[in-house]
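The structure appears right after this line, and notes come after that.
The values are calculated or read from the model by the stated rules, or taken from the named source; none is laboratory data. Because the structure is a prediction, the values reported are computed rather than measured. Here the Cβ positions follow ideal geometry from the backbone for every residue, glycine too, while neighbour counts run over all protein chains shown. Surface accessibility is based on the protein's heavy atoms, side chains included, excluding ligands, DNA and RNA. Shrake-Rupley method; radii C 1.70, N 1.55, O 1.52, S 1.80 Å.
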Amino acid sequence: MNRLMKSEESARLAYTLDHLTVGAAILDGTSLRILYANASILSFLSEPWLSEGIIGHTLAEVASPELLPTLQFQLGKAYLSGERQTFSDVPYEGFLGTRGRTYWHITIEPLPKFQMPQTPQTTSKRGKPKMALLVTVEDVTAQVRSRLQLKAIHYITSVITDPYALPQVLDRILQTVQEMIGSTRCAILLQDRTSASRTGEQLANARVNSIQVAAHKGLHASARTWRPLISSNVLYKRVSQMNQTLIISDTSQEPDLQLPMVNDDGEPARPLSVLSVPIFEPTSQYEMEEDFYLTPDTHLHTREVVGTIEVYHRKVRSFAAEEVELLEQFSLQAGIAIRNTRIFRSIDQLAARASRNARQREKVLQAIPDGVIIYDARWRIIDVNDAIRKVMGWTNDVIGKHVSTAFKQSKAIMPALASISSEDLAREYEQRALEQQINEIKLIGADGQPYTMRRSQAAIRDELGDVFAFVAVYHDVTEQAKARERIEEEVTNRTAELAQRNKALQRAKRDLELESARMQLLLERLPSGVMLISSYDSRISMINHQAVQLLQDMGILLEPQHDLAEATRNAHGKNIESLLRSITMYRSSASPFPYEEQPLYQALTEGKAGEAEFFVIGPFQQPLFVLANAAPLRASDGTITNVVLLCHNITRMKLLEQTREDFFTAMAHELKTPLANIRAHLSALQIRDIQPSPEEQTLFINTADEQAERLVRMINQFLDASRVEAG
C-alpha cells in the first residue's frame with residue numbers, strides 16, 4: 001500500500017512538472033543520470049536528443065562542455081548539503097545564433113522522498129534508495145535585458161547634459177549590447193565632423209566625407225585610426241541610402257567591402273559577418289511624438305543617418321531577430337545622445353560669449369537645468385538661477401546675503417549646516433572651491449521633497465590669477481525612473497526643455513550678432529586701419545575698410561579693387577605675414593625694414609607692444625608713409641591669443657613736415673643775404689688802415705640801414721603769416 005501511494009505521488013509530481021511553463025528535470029543525485037525531463041526542457045534541445053530523448057542518459061552526455069563543470073559542482077553541492085540552491089541571471093550563449101545571449105534562473109531542489117526506480121544505479125550498497133534532485137530552469141532573458149537597458153538609459157540620461165559625455169554614453173551602450181546579446185566585438189561608427197578650429201555651428205553644417213570609430217569593444221588597435229571615405233564600399237553609405245538595418249552573413253563574398261579589423265588574440269582579423277544598424281538624427285517634431293520609441297518604422301525612412309551600431313563575428317553566421325530589435329532600440333538612444341552632446345557644446349560656446357554681458361549671462365544662467373549659485377570673493381551671493389531658487393525656496397532678496405545667512409533663511413532643511421558657524425562655513429566652502437571638490441549633500445527641498453544633490457564648486461580667477469568670484473553647481477541625482485514607460489516621458493520632457501533652451505540661445509545669438517554689428521560699425525568709423533591677427537596662424541580675424549584701403553595703397557593686391565566692402569570680406573582669413581612680405585618697406589633713413597623687425601612680428605612672437613614708422617613705394621611710384629602700432633592680447637593663462645594692429649597713413653603729415661622744412665630753409669636763405677650785406681659794410685667801416693671818406697661812410701651806413709629795414713619787413717611778413725595761420 002505504501003509503495004502504491006509513493007507511485008501515485010510520483011505520477012502527480014510528473015503531471016505537475018509537465019504543465020509548468022519553466023523547464024524541469026529530475027536527476028539521480030549520485031550518477032547525475034536524467035530520470036525525467038518535461039516538455040520545456042526538451043524544447044531547448046537540438047538533434048539528436050530532440051528525437052531520441054534524454055531519459056536514462058547522464059548529464060555529461062547531454063550538457064555542453066562549457067556548462068558541465070559548473071553544473072556538476074552545484075548539483076553535487078545540493079546533493080551533499082541537502083539544501084536548495086538558487087542561481088539568478090545566469091548568462092548562457094548556447095543560442096547566440098538564434099537569440100543572442102540568454103539569461104536563466106536555475107533552482108536545484110533535493111527530493112529525499114522522491115520514489116526513484118529501483119535499479120542498481122539508483123540504490124546504494126546498503127539497499128537504501130539514493131536521493132533525487134529537481135532542477136528547474138526559467139528563461140528570464142526579457143527581464144534581464146529590460147533591466148540592463150533601463151540601467152543603461154538611466155546612465156545616459158544622468159550624463160546627457162555633459163557636453164563631453166558622448167564617449168562614455170556610447171561605451172555604455174556597447175557594454176549593454178554585450179551584456180544583452182553576448183556580442184564580444186561591436187562598435188559605433190559616426191560621421192567624422194571633428195575639427196579643432198571649427199565652432200559648434202560650423203560643425204553642424206560641415207560636409208561629411210568620412211566616418212570614424214567613436215566607440216568599440218573587441219576591435220583591433222588599428223580601428224582607432226580607421227577613417228574610410230564614405231563610398232559604396234562602406235556599410236554606412238549603404239545603410240544611409242536604404243535607411244534600414246543591413247546584415248551581411250558572409251563578408252568573403254564582398255572582398256571590396258571596407259571593415260574595421262577585429263581583435264583575434266592580439267592579431268588583426270577581418271570579420272566574416274556583420275550587422276549594421278543605422279543611428280538616426282532626431283528631429284524636434286519627431287521627438288515630441290508620444291510614440292517616439294514605439295513606431296520608428298513610420299519615420300526612419302525620412303531621417304538623416306549620422307552613424308551606425310555594428311556587431312561583428314569572426315565566423316560566418318546569421319543574426320537573430322531579437323538582436324536586431326535590441327540594437328535598433330539602442331540606436332535611438334545613441335541618436336539622442338549625439339544630438340544632445342552637440343546641442344550642449346553649442347550652449348557652452350554661446351554661454352562663454354554671453355558671460356561678458358550681464359543680460360546675456362542671466363539668460364544663459366536661467367537656461368541651465370542644474371542649480372547655479374555665484375558668490376563674490378567674500379562669499380556673498382551675486383546671482384542664482386531659478387533651479388536652485390525652487391529647491392531652496394529663495395526670493396530675489398537673497399542677492400547680496402552671506403552664504404550662511406542665505407542657507408539658514410531658506411525654506412529647505414539642510415542638516416549638515418545646522419551646527420556650522422558662518423566663518424567655518426565660508427572657510428570650508430572656499431577650501432572646496434579652491435580644490436574643485438565634488439561632493440553629495442542631502443536636503444529637504446522647499447517643496448517638502450527629499451533631494452540628493454551633487455555639488456561642485458570652483459574659483460573664478462582674473463587675468464592676474466586672483467580669485468574674484470566662486471561658482472557652485474548643484475546637480476540633482478535623486479530622480480530615477482522605476483519603469484520603462486517613464487523613460488519615454490522623461491525623454492519627451494528633456495526634449496521640450498532643450499527646445500526651450502534652443503529658443504533662448506537663438507535670442508542670445510541674435511543679441512550677440514547685434515552687438516557684433518555695432519562693434520563693426522564702430523570700427524568702420526575709425527579713421528585708422530584696425531586689424532585683429534590670430535597668433536595661431538597669423539591670419540586676419542577682423543579688419544575694417546580703412547585697413548583694406550591702406551593695404552591696397554601700399555601695393556598689396558586685395559581684390560576687388562573697385563569694391564572696398566567686398567575686398568574687406570575677402571581679406572578675412574588671409575595670412576598677414578605673406579601679405580606684408582610681398583612688398584618692400586623702408587625705414588625713414590631709406591634702408592630696408594625687414595618683417596622680423598616690425599612691431600607685428602615682435603607682438604606675435606615675443607608678446608611685445610611696439611610702434612614703428614616706415615614708408616613704401618606705392619603703385620604710382622609715390623612714397624606712402626605709415627605709422628604702425630601692434631599690441632598682444634593674452635588669455636587668462638598668459639598665452640598670446642591675438643594681436644591688434646593699428647595702421648595710420650601719415651603721408652600728408654610727412655609732406656607738411658617737408659614743406660615746413662623747405663619754408664624754414666628758404667627763410668634762412670632770405671635772412672642770410674641782408675645780414676651778410678650789413679656785416680660786410682660794417683666790417684669795412686671798422687678797418688683802421690682804410691679811412692673812407694665821409695660820403696663813403698654815409699653810403700655804407702645807409703646801405704646797412706636799408707638792409708636792416710629789409711630784415712624788419714621780412715620778419716614782419718613772417719609774423720603776419722603766422723598770425724593769419726593761427727586765425
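Could you go through the stretch 477-489 and let me know if any residue there is hydroxyl-bearing (Ser, Thr, Tyr), in contact with a helix residue (DSSP H, G or I) (Cβ under 6 Å, 6 or more places away or on another chain) and modelled with pLDDT under 80. Scanning the stretch 477-489, I find no residue that is hydroxyl-bearing (Ser, Thr, Tyr), in contact with a helix residue (DSSP H, G or I) (Cβ under 6 Å, 6 or more places away or on another chain) and modelled with pLDDT under 80, so the answer is no. Among the residues of the stretch 161-191, those identified as at pLDDT below 80 and outside any helix (DSSP H, G or I) are THR161, ASP162, PRO163, TYR164, ALA165, GLY182, SER183. Among the conditions (1) under 34 Å from the mean Cα position of the chain (by Cα); (2) in a strand (DSSP E or B), ASP537 misses just one, which is (2).
Could you list all residues from the stretch 669-727 that are in contact with a Phe, Trp or Tyr (Cβ under 8 Å, 6 or more places away or on another chain), modelled with pLDDT under 75 and assigned to a helix (DSSP H, G or I)? If the condition is that a residue be in contact with a Phe, Trp or Tyr (Cβ under 8 Å, 6 or more places away or on another chain), modelled with pLDDT under 75 and assigned to a helix (DSSP H, G or I), then HIS681, ALA684, LEU685 are the ones that fit. Scanning the stretch 70-118 for residues that are surrounded by fewer than 14 Cβ atoms within 10 Å (Cβ to Cβ) and modelled with pLDDT of 80 or more returns PHE73, LYS77, LEU80, SER81, GLY82, GLU83, ARG84, THR86, PHE87, SER88.
Sub-6 Å Cβ pairs linking a first residue in the stretch 243-266 that is open to solvent by 60 Å² or more (accessible area, probe 1.4 Å) to a second residue that is polar (S, T, N, Q), at least 6 apart or interchain, are ASP256/ASN233; GLN258/ASN233; MET261/SER222, ordered by first then second residue. Taken over the stretch 693-727, the residue count meeting the criterion of being open to solvent by less than 90 Å² (accessible area, probe 1.4 Å), farther than 12 Å from LEU671 by Cβ and either under 60 Å from the mean Cα position of the chain (by Cα) or of a type in the set (Val, Ile, Thr) (or both) is 2. Residues of the stretch 371-405 that are open to solvent by less than 50 Å² (accessible area, probe 1.4 Å) and either closer than 14 Å to GLY445 by Cα or polar (S, T, N, Q) (or both): GLY371, ASN385, ALA387, ILE388, ARG389, VAL391, MET392, GLY393, TRP394, SER404. Applying a threshold of 6 Å to beta carbon distances and a minimum spacing of six or more residues, or different chains, the list of pairs starting in the stretch 540-566 at a residue that is under 20 Å from TYR601 (Cα atoms) and free of Cβ contacts under 8 Å to residues at least 24 places away in the same chain and ending at one that is open to solvent by less than 10 Å² (accessible area, probe 1.4 Å) and of a type outside the set (Ser, Thr, Tyr) reads VAL548/LEU558; VAL548/ALA567; VAL548/ALA571.
Of all residues in the stretch 579-593, those satisfying the criterion of being surrounded by 11 or more Cβ atoms within 10 Å (Cβ to Cβ) and out of contact with any strand residue (DSSP E or B) (no Cβ under 7 Å at 6 or more places or on another chain) are LEU579, LEU580, ARG581, SER582.
All of THR651, THR665 fail the test of being at negative phi, hydroxyl-bearing (Ser, Thr, Tyr) and in contact with a strand residue (DSSP E or B) (Cβ under 7 Å, 6 or more places away or on another chain), apart from THR651. Scan the stretch 406-447 for residues that are of a type in the set (S, T, N, Q), in a helix (DSSP H, G or I), under 21 Å from ASP383 (Cβ atoms) and open to solvent by 70 Å² or more (accessible area, probe 1.4 Å) and the total you get is 1.
Scanning the stretch 217-234 for residues that are in contact with a Lys or Arg (Cβ under 8 Å, 6 or more places away or on another chain), of a type outside the set (S, T, N, Q) and open to solvent by 40 Å² or more (accessible area, probe 1.4 Å) turns up LYS217, ILE230. With respect to SER541, determine if the residue is of a type in the set (S, T, N, Q), closer than 17 Å to LEU633 by Cβ and open to solvent by less than 50 Å² (accessible area, probe 1.4 Å). It is false that SER541 is of a type in the set (S, T, N, Q), closer than 17 Å to LEU633 by Cβ and open to solvent by less than 50 Å² (accessible area, probe 1.4 Å). Scanning the stretch 516-532 for any residue that is modelled with pLDDT of 75 or more, in a loop (DSSP other than H, G, I, E, B), touching a Ser or Thr at 6+ places or on another chain (Cβ under 6 Å) and open to solvent by 30 Å² or more (accessible area, probe 1.4 Å) turns up nothing.
Let's see how each residue does on (1) surrounded by 23 or more Cβ atoms within 10 Å (Cβ to Cβ); (2) within 21 Å of ALA187 (Cβ to Cβ); (3) modelled with pLDDT under 80; (4) of a type in the set (Ser, Thr, Tyr):
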site: LEU272; (1), (2), (3), (4): no, yes, no, no
site: PHE280; (1), (2), (3), (4): yes, yes, no, no
site: THR283; (1), (2), (3), (4): no, no, yes, yes
site: TYR286; (1), (2), (3), (4): no, no, yes, yes
site: TYR312; (1), (2), (3), (4): yes, yes, no, yes
site: SER318; (1), (2), (3), (4): no, yes, yes, yes
site: VAL324; (1), (2), (3), (4): no, yes, no, no
site: GLN333; (1), (2), (3), (4): yes, yes, yes, no
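Only one of the numbered conditions (1) under 30 Å from ASN575 (Cβ atoms); (2) in a helix (DSSP H, G or I); (3) not aromatic (Phe, Trp, Tyr) is not met by HIS648, and that is (2). Taking the criterion of being open to solvent by 50 Å² or more (accessible area, probe 1.4 Å) and part of a strand (DSSP E or B), the residues of the stretch 606-634 that qualify are GLU611, GLU613, ILE617, PRO623, LEU633, ARG634. Only one entry in ARG539, ARG461 is within 30 Å of ARG380 (Cα to Cα), out of contact with any Phe, Trp or Tyr (no Cβ under 6 Å at 6 or more places or on another chain) and modelled with pLDDT of 85 or more, namely ARG461. Selection over the stretch 454-477 of residues that are loosely packed, with under 15 Cβ neighbours inside 10 Å and among the basic types (Lys, Arg) gives a count of 1. Annotation: of all residues in the stretch 554-583 being closer than 25 Å to ALA631 by Cβ and part of a loop (DSSP other than H, G, I, E, B), the one that is nearest to the chain's Cα centre (by Cα) is GLY573.
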